[in-house]
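For reference, the structure discussed in these notes is given below.
The values are calculated or read from the model by the stated rules, or taken from the named source; none is laboratory data. Please read these numbers as outputs of a predicted model, since none were measured by experiment. Every residue, glycine among them, receives a Cβ derived from its backbone with ideal geometry; neighbour counts consider all protein chains shown.
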Amino acid sequence: MRSNRSAAASTTSRTIGVVLAVCAVIATALIVTRGGDEEASASQAPAGTTAQNGYGQSGTEGYGHSSDAGHDTGAEGSDAEAEGSAAQGGKAERSGPQPVTEVDKTFLVAVRQAGLWEIPAGRLAQTNASSEAVKRAGLHLMDGHSKLDQLVREDAEILGVPIPDQATPEQQGWVEQMENARGAEFDRIFANLLRASHGKIFATIGEVRAASQNDLIRRHARQANQTVLDHLEVLEDTGLVDSATFAEVEEAVTAK
């Protein structure tokens, strides 16, 4: 009786062992199958799907793009290249030959002639003037017109515009008038002659800047505008400009 019980217990233990072994095999198979499915699913992920890499950073599959993404990028690149070509074409067209009108040429000549007499006038102010404000205005004239004169010579050469080497006879006469004056007389002549001249050219500069199609002329007009405005202010600061001078400028400007 006891031997039968031992045999039954042994049989039961063996059966349990077989069942456990079968369960272990099934569990292993399931784990392998699930892992394979996950790998297959990951390898078939749509282009652009982000996944965590080994460093916990998000990135696209394979560190690149799918064939569809590459196609889209290529299309965008083509569009960008087309736009760049169009922009370059537009720039090349704008940088082509630009017209130089008679007004542009007259403007360059006028700037050159202004420097030819106003620089000497500013120099005379340092020796013949009695007013510190007049001497200061003279320094502004020398500095501003020296820079403009260099610019006008450069632009005239680039644009092929001939410019004079001397001031007009009228301007030369103004310099001679100042050469023969001293003290308060010089101060008065200087302030009124230079204020009248700058007031008239100031209006012309605005017209040139507004109408010129040439980039160099527009740049030159902008620089001349700033320089002349500065000179107008320092000349007015002398307190010596007569009302008759303002009336003269007004008449000349409105007569155009």
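List of remarks:
- Across segment 220-233, the qualifying residues are those that are crowded, with 21+ Cβ neighbours inside 10 Å and touching a Gly at 6+ places or on another chain (Cβ under 7 Å), and the one among them that is farthest from Leu159 (Cα to Cα) is His231.
- The residues of segment 222-256 that are in a helix (DSSP H, G or I), of a type in the set (Gly, Ala, Ser) and at pLDDT 95 or above, listed by number, are Ala224, Ser243, Ala244, Ala247.
- From the options Ile158, Ile217, residue that is assigned to a helix (DSSP H, G or I), assigned by TED's automatic domain parsing to the domain that holds Leu240, of a type outside the set (S, T, N, Q) and surrounded by fewer than 15 Cβ atoms within 10 Å (Cβ to Cβ): Ile158
- The set of residues in segment 166-213 that are in contact (Cβ under 8 Å) with a residue 40 or more places away in the chain, in a loop (DSSP other than H, G, I, E, B) and surrounded by fewer than 18 Cβ atoms within 10 Å (Cβ to Cβ) comprises Gln166, Thr168, Ala181, Arg182, Gln213.
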